[in-house]
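Notes follow the structure.
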């Protein structure tokens with residue numbers, strides 16, 4: 001893919017293979033960026049390759065998922081978000097999942113980590129918006145990814161119908177970035193759909209909470 005980007009668009013494309021569950025993942029990412037201005041940070045890793053009950057996997061498996069989906073994401077948002085705030089422009093796009101809205105017996109750590117991302121994105125949207133930084137949590141449905149295909153193949157299951165294509169996901173995510181903090185795949189902003197409430201309602205709630213907490217903590 002890097003070769004295709006270089007050839008088709010005549011741009012520099014830097015790649016790095018980083019284990020996002022490693023404690024030094026952020027340091028490796030920053031080293032790969034090599035001082036370049038990162039104007040858009042997209043978190044698009046965090047699939048659950050397990051498809052298992054919580055107690056049927058060793059705790060280290062789940063801790064790795066927490067590190068990958070939460071700890072490294074948190075560090076990256078703090079590092080790159082801080083630089084964006086200084087520059088007064090930028091964007092953070094967290095590609096999440098509709099699993100953020102509720103758990104299930106095969107989704108314990110996955111859904112919990114996506115719920116963390118949802119609340120983080122909403123909070124950063126409120127905090128960084130006045131500094132010219134867009135933040136969006138993109139709650140995806142079932143998407144045609146290598147991780148999903150591998151999981152289904154391992155369990156001897158066919159691909160489900162109506163999978164979202166990666167191309168459509170990318171187009172929609174970038175288009176919705178200025179309209180955060182939440183977008184639910186396939187749903188209008190004034191429709192709750194598979195979520196407890198609509199993105200419009202969540203946006204209004206965040207602004208209300210932000211106003212009330214500002215009275216307590218000020219603008220610092």
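Run down 104, 156 and say which single residue is closer than 19 Å to residue 66 by Cβ, surrounded by fewer than 17 Cβ atoms within 10 Å (Cβ to Cβ) and without any contact (Cβ under 8 Å) to a residue 40 or more places away in the chain. Even if it seems obvious, please write down each step before you answer.
On the way: 156 fails: closer than 19 Å to residue 66 by Cβ.
Going through 104, 156 in turn, just one is closer than 19 Å to residue 66 by Cβ, surrounded by fewer than 17 Cβ atoms within 10 Å (Cβ to Cβ) and without any contact (Cβ under 8 Å) to a residue 40 or more places away in the chain: 104.
Just wondering, is there one or more residues in region 19-38 that are touching a helix residue (DSSP H, G or I) at 6+ places or on another chain (Cβ under 7 Å) and more than 21 Å from residue 90 (Cβ to Cβ)? Walk me through it before giving the result.
So in region 19-38, the residues touching a helix residue (DSSP H, G or I) at 6+ places or on another chain (Cβ under 7 Å) come out as 19-21, 25-26, 29-30, 38.
Those left that are additionally more than 21 Å from residue 90 (Cβ to Cβ): 19, 21.
For region 19-38, residues touching a helix residue (DSSP H, G or I) at 6+ places or on another chain (Cβ under 7 Å) and more than 21 Å from residue 90 (Cβ to Cβ): present.
I'm checking my understanding of the structure. Among residues of region 187-216 that are in contact with a strand residue (DSSP E or B) (Cβ under 8 Å, 6 or more places away or on another chain) and in contact (Cβ under 8 Å) with a residue 40 or more places away in the chain, which one is surrounded by the most Cβ atoms within 10 Å (Cβ to Cβ)?
202
Can you find even one residue in region 55-71 that is in contact with a strand residue (DSSP E or B) (Cβ under 6 Å, 6 or more places away or on another chain) and part of a helix (DSSP H, G or I)? Break it down stepwise before answering.
Filtering region 55-71 for residues in contact with a strand residue (DSSP E or B) (Cβ under 6 Å, 6 or more places away or on another chain) gives none.
Scanning region 55-71 turns up no residue that is in contact with a strand residue (DSSP E or B) (Cβ under 6 Å, 6 or more places away or on another chain) and part of a helix (DSSP H, G or I).
Among the listed residues 136, 93, identify the single one that is within 15 Å of the chain's Cα centre (by Cα), in contact (Cβ under 8 Å) with a residue 60 or more places away in the chain, surrounded by 21 or more Cβ atoms within 10 Å (Cβ to Cβ) and not in a helix (DSSP H, G or I).
On inspection, the qualifying residue turns out to be 93.
State all residues of region 15-51 that are in a loop (DSSP other than H, G, I, E, B), within 20 Å of residue 170 (Cα to Cα) and modelled with pLDDT of 95 or more; if no residue qualifies, say none.
15, 38, 39
Out of region 170-186, which residues are touching a strand residue (DSSP E or B) at 6+ places or on another chain (Cβ under 6 Å), surrounded by 13 or more Cβ atoms within 10 Å (Cβ to Cβ) and in a helix (DSSP H, G or I)?
If the condition is that a residue be touching a strand residue (DSSP E or B) at 6+ places or on another chain (Cβ under 6 Å), surrounded by 13 or more Cβ atoms within 10 Å (Cβ to Cβ) and in a helix (DSSP H, G or I), then 173, 176, 177 are the ones that fit.
The values are calculated or read from the model by the stated rules, or taken from the named source; none is laboratory data. Everything quoted here is computed from the prediction, not taken from an experiment. Cβ: placed from backbone, ideal geometry, glycine included. Neighbour counts: every protein chain shown.
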